[in-house]
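This report refers to the structure that appears directly beneath it.
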Amino acid sequence: MHELSLCKNMVAIILNHAEQLAGKSIKIIHIEIGELIAVESATFLFNFNVIKKATILEKSQLNMITILGQAFCETCQQVIRISSYYQPCTLCGNFSLKIIAGQELRVKSMEVE
């Protein structure tokens, strides 16, 4: 359900930035979505397609790039791959992890015509 509010905020940011484009249209929007924020891609895309109607984004496509979860283990000093917030280090078993990737939701770039 949070996909709708995240998508609305993202579109608002894009539209705010697009005001500077002076009538040009946005062809493709590249966004990065971290796997740890639990965004369902199909739902996010559906919401984007609904929200973009009657805006300058109407003909644009959304390219979603998934950023895998990574954490630094403060015990064994290694970077490991994680798929959820509450998992132990896969190398030493401790839970002293500092997340370093996978929480992103950002507009990486836009292709303008």
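For n ≥ 4 DSSP H runs only, could you compute -39500 (n - 2.57) per run for the chain, divide by its residues and tell me the 222 nm figure to the nearest 500?
Only helices count here, giving -8000 deg cm²/dmol.
What does a probe at Leu21 reach in segment 71-112, counting residues whose amide N is under 16 Å from the point 7 Å along Cα→Cβ?
107-112
I'd like the orientation of helix 2-18 relative to the chain: the angle between its Cα long axis and the longest Cα principal axis, in ° from 0 to 90, rounded to 10.
50
Within segment 40-84, report the trypsin sites (Lys or Arg not before Pro) that DSSP leaves as loop and that have at most 16 other Cβ atoms within 10 Å.
Sparse-neighbourhood loop trypsin sites (Lys or Arg not before Pro): Lys53, Lys59.
Calculate the FRET efficiency for Ile99 and Ile28 from the Cβ-Cβ distance with a Förster distance of 30 Å, rounded to the nearest 0.05.
Efficiency, from the Cβ-Cβ distance: 0.55.
Please give the length that would be gained between Leu6 and Ile37 if that part of the chain were fully extended, namely 0.36 nm times their separation in residues minus their C-alpha to C-alpha distance (nm, one decimal).
Length gained between Leu6 and Ile37: 10.1 nm.
Would you pull out the residues with amide H under 5 Å of Cys89's amide H, same chain only if 5 or more places away, H placed 1.01 Å from N?
Here the answer is Asn94, Phe95, Ser96, since their amide H atoms fall under 5 Å of that of Cys89.
What's the Kirkwood radius of segment 1-49 in Å, using all Cα pairs?
11.9
When the chain is modelled as a GNM with alpha-carbon springs shorter than 10 Å, which of Leu97, Leu21, Leu36 fluctuates the most?
Among Leu97, Leu21, Leu36, the largest mean-square fluctuation in the Gaussian network model of the chain belongs to Leu21.
Taking N as the number of residues in segment 45-97, what value does Rg over Cα atoms divided by 2.2 N^0.38 Å take?
1.89
From the phi of every residue in segment 99-113, what ³J(HN,Hα) in whole Hz does the Karplus formula 6.51 cos²θ - 1.76 cosθ + 1.60 yield, where θ is phi - 60° and glycine or proline is x?
5, 10, 7, x, 10, 6, 8, 8, 7, 7, 6, 9, 9, 10, 9
Each label point is 7 Å from the Cα along the Cα-to-Cβ direction; what then is the distance between the points at Asn63 and Val50, in nm?
2.7
Apply the Kirkwood formula to the chain: the hydrodynamic radius equals the inverse of the mean of 1/r over all pairs of different alpha-carbon atoms; give it in Å with one decimal.
Its Kirkwood hydrodynamic radius stands at 15.5 Å.
Tell me, which cysteines of the chain are without a disulfide-compatible partner by the Cβ under 4.7 Å rule?
Cys with no partner Cβ under 4.7 Å: Cys7.
Within the chain, what whole-number % of the accessible surface is contributed by carbon and sulfur, with the 1.4 Å probe and all protein chains included in the calculation?
The C+S portion of the solvent-accessible surface of the chain is 54 percent.
Taking amide hydrogens as modeled 1.01 Å from N in the peptide plane, which residues meet the under 5 Å criterion relative to Leu105, leaving out close sequence neighbours?
Under 5 Å from the amide H of Leu105 lie the amide H atoms of Gly34, each far enough along the sequence or on another chain.
Whole number in Å², please: accessible area per residue of the chain, 1.4 Å probe, ligands, DNA and RNA not counted.
Counting only protein heavy atoms, the per-residue value for the chain is 62 Å².
Within segment 1-106, which chymotrypsin sites (Phe, Trp or Tyr not before Pro) sit in a loop by DSSP and count at most 15 neighbouring Cβ atoms inside 10 Å?
Qualifying residues, ordered by number: Tyr85, Tyr86, Phe95.
Under 25 Å Cα-Cα from Lys24, which lysines qualify once same-chain neighbours fewer than 8 residues away are excluded?
Within reach: Lys8, Lys52, Lys53, Lys59, Lys108.
The values are calculated or read from the model by the stated rules, or taken from the named source; none is laboratory data. Given the structure is predicted, the values throughout are model-derived calculations rather than measurements. Quick reminder, even Gly has a Cβ in these numbers, built from the backbone with ideal geometry, and neighbours come from all protein chains shown. Surface accessibility is based on the protein's heavy atoms, side chains included, excluding ligands, DNA and RNA. Shrake-Rupley method; radii C 1.70, N 1.55, O 1.52, S 1.80 Å.
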